[in-house]
Amino acid sequence: HARDYSIDPYPDYKQRVEPLFPVPRHREELAPMDWIAGVLVNGQAKAYPVKALVDGIDLSDSIGGEPMVVRYHANADSITVENGSGDAIPVVRAYWFAWQAFYPETALYDASD
């Protein structure tokens, strides 16, 4: 294909309230277009709303009894997750509607807990 890949084909997508295409709604805890950091540990999924993460403040949590630390790095606009041994755990940044579609039983981090 002759396509100019230097141009974003969805320039306004990040500002949308709803996805560009219809998707079934399963979970309503977050807005469909909210960004989450998704993590899988031993087959258990958990989502961390990006808006709940604060630069420079470690978020201590656990999935399936395994301790972990979630960090947001504002300068790089990135999120890292480490287990209790300091090993990196893969993290996926996704829209809430997409993550919960793949992992409908996902746990959702609640900062008020």
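Of the accessible area of the stretch 11-91, computed with a 1.4 Å probe over protein heavy atoms only, carbon and sulfur atoms account for 52 percent. In this structure, the amide hydrogen of residue 45, modeled 1.01 Å from its nitrogen in the peptide plane, lies closer than 5 angstrom to those of 107, counting only residues at least 5 positions away or on a different chain. Once backbone amide H atoms are built at 1.01 Å from N, residue 93 has 38 as its partners under 5 Å, excluding neighbours fewer than 5 places away on the same chain. Applying the criteria of a DSSP loop state and at most 15 other Cβ atoms within 10 Å to the GluC sites (Glu not before Pro) of the stretch 1-91 yields 28, 29.
For the stretch 94-100, putting each phi into the Karplus relation 6.51 cos²θ - 1.76 cosθ + 1.60 with θ = phi - 60° gives couplings of 8, 6, 4, 4, 6, 4, 6 Hz, in residue order, rounded to whole numbers and with x for Gly and Pro.
Can you work out the accessible area per residue across the chain, with the rest of the protein chains kept in place, probe 1.4 Å, in square angstrom?
Values: 7460 Å² over 113 residues.
Normalised by residue count, the accessible surface of the chain is 66 Å².
Taking label points 7 Å from Cα along the Cα-to-Cβ direction, residue 2 and residue 69 give a separation of 5.3 nm. Here the calculated FRET efficiency for residue 25 and residue 87, from their Cβ-Cβ distance with R0 = 35 Å, stands at 0.50, rounded to the nearest 0.05. Estimated purely from DSSP H runs of n ≥ 4, each contributing -39500 (n - 2.57), the mean residue ellipticity at 222 nm for the chain is -1500 deg cm²/dmol once divided by its residues.
For a distance above 20 Å, tell me the whole-number percent of Cα pairs in the chain that qualify. When every Cα pair of the chain is considered, 47 percent fall beyond 20 Å.
The values are calculated or read from the model by the stated rules, or taken from the named source; none is laboratory data. Just so it is clear, the structure is predicted and the values come from calculations on it, not from any experiment. When we count neighbours, we look across all protein chains shown, and the Cβ atoms used for this are built from the backbone with ideal geometry, even at glycine. Heavy atoms of the whole protein, side chains included, go into the accessibility calculation; ligands, DNA and RNA do not. Shrake-Rupley method; radii C 1.70, N 1.55, O 1.52, S 1.80 Å.
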